[in-house]
Amino acid sequence: MNQNKRLYKMVLAALLCAIGIVIPMFSPIQIRLEPASFTLASHVAVMVAMFISPAVAVVVALGTSLGFFLGGFPIVIVMRAVTHVVFAFLGALWLNKHPDTLYNAGKAALFGFVIALIHAACEVLVVIPFYMGNHGDLSEAYYSKGFFISVVLLVGVGSVIHSMVDFYISLLVWKPLNKTARLRPIPARQE
């Protein structure tokens, strides 16, 4: 990769990190049901980065985790954000090999769902030690709901739904952005 392209991707990663930090801190559309937290569009920066490259995806996932930390979210939610590295990296690897995925409605829907499942599984795995260990970072109301409601439904199923919504928002942002900036080759039939 030439120097200009690397610099371009680095600047894009920085801009996406900035967006990913600002969204959880200032978004007016937030629902907090500890340990779950749903901030509309909080995954968009990570997902757009995933559409660009694996390296950009990892950097932006780590950078946006900082946004949750700076936003004063409980540590369990910050740790959930750190897990975004996994789905973003795996998704970016897939898209490198199958760039037409985002331009076929059926493939995009399946890709988004699989990414959402990976996303949710990672977040559930991070929350379990907090739930089982009673680390004091979780409210008493969280424990009174029980494991199934708190961890499986709120974090697991909630993350799948939240991820899918943000995936489609990301596609709405990505398609015109990519047409203009040519960050990833567009399949010929989509020109």
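The values are calculated or read from the model by the stated rules, or taken from the named source; none is laboratory data. Remember, predicted model here, so these are calculated numbers, not experimental data. Don't worry about glycine lacking a Cβ; one is built from the backbone with ideal geometry, like all the others, and counts go over all protein chains shown. Heavy atoms of the whole protein, side chains included, go into the accessibility calculation; ligands, DNA and RNA do not. Shrake-Rupley method; radii C 1.70, N 1.55, O 1.52, S 1.80 Å.
Observations, loosely collected:
- Qualifying residue in region 24-46 (condition: free of Cβ contacts under 8 Å to residues at least 12 places away in the same chain and either out of contact with any strand residue (DSSP E or B) (no Cβ under 9 Å at 6 or more places or on another chain) or part of a helix (DSSP H, G or I) (or both)): yes
- Selected residue (only one of 41, 57 is under 15 Å from the mean Cα position of the chain (by Cα) and within 21 Å of residue 158 (Cα to Cα)): 41
- Unique residue being hydrophobic (A, V, I, L, M, F, W, C) and touching a helix residue (DSSP H, G or I) at 6+ places or on another chain (Cβ under 6 Å) when the list is 36, 109, 55, 105: 36
- From the list 105, 120, the lone residue that is surrounded by fewer than 17 Cβ atoms within 10 Å (Cβ to Cβ) and either more than 12 Å from the chain's Cα centre (by Cα) or over 20 Å from residue 173 (Cα atoms) (or both) is 105.
- Pair list, Cβ < 7 Å and 6+ apart or interchain, from region 62-84 residues that are in contact (Cβ under 8 Å) with a residue 60 or more places away in the chain and within 19 Å of residue 128 (Cα to Cα) to residues that are open to solvent by 20 Å² or more (accessible area, probe 1.4 Å) and part of a helix (DSSP H, G or I): 76/130; 80/126
- Any hit, region 32-50, residues being closer than 19 Å to residue 129 by Cβ and touching a Gly at 6+ places or on another chain (Cβ under 7 Å): yes
- Within region 90-101, considering residues that are surrounded by fewer than 19 Cβ atoms within 10 Å (Cβ to Cβ) and touching a residue at least 24 places away in the same chain (Cβ under 8 Å), the one nearest to residue 129 (Cα to Cα): 90
- Any hit, region 143-160, residues being charged (D, E, K, R), open to solvent by less than 60 Å² (accessible area, probe 1.4 Å) and at pLDDT below 85: no
- Subset of region 14-57 [open to solvent by less than 10 Å² (accessible area, probe 1.4 Å) and among the aromatic types (Phe, Trp, Tyr)]: 51
- Checking residue 9 against (1) over 12 Å from the mean Cα position of the chain (by Cα); (2) under 18 Å from residue 160 (Cα atoms); (3) surrounded by fewer than 19 Cβ atoms within 10 Å (Cβ to Cβ), the condition it does not meet: (2)
- The single residue among 111, 89, 69 that is over 20 Å from residue 179 (Cα atoms), touching a Pro at 6+ places or on another chain (Cβ under 8 Å) and among the aromatic types (Phe, Trp, Tyr) turns out to be 89.
- Condition met for residue 135 (at pLDDT below 65 and more than 22 Å from residue 97 (Cα to Cα)): yes
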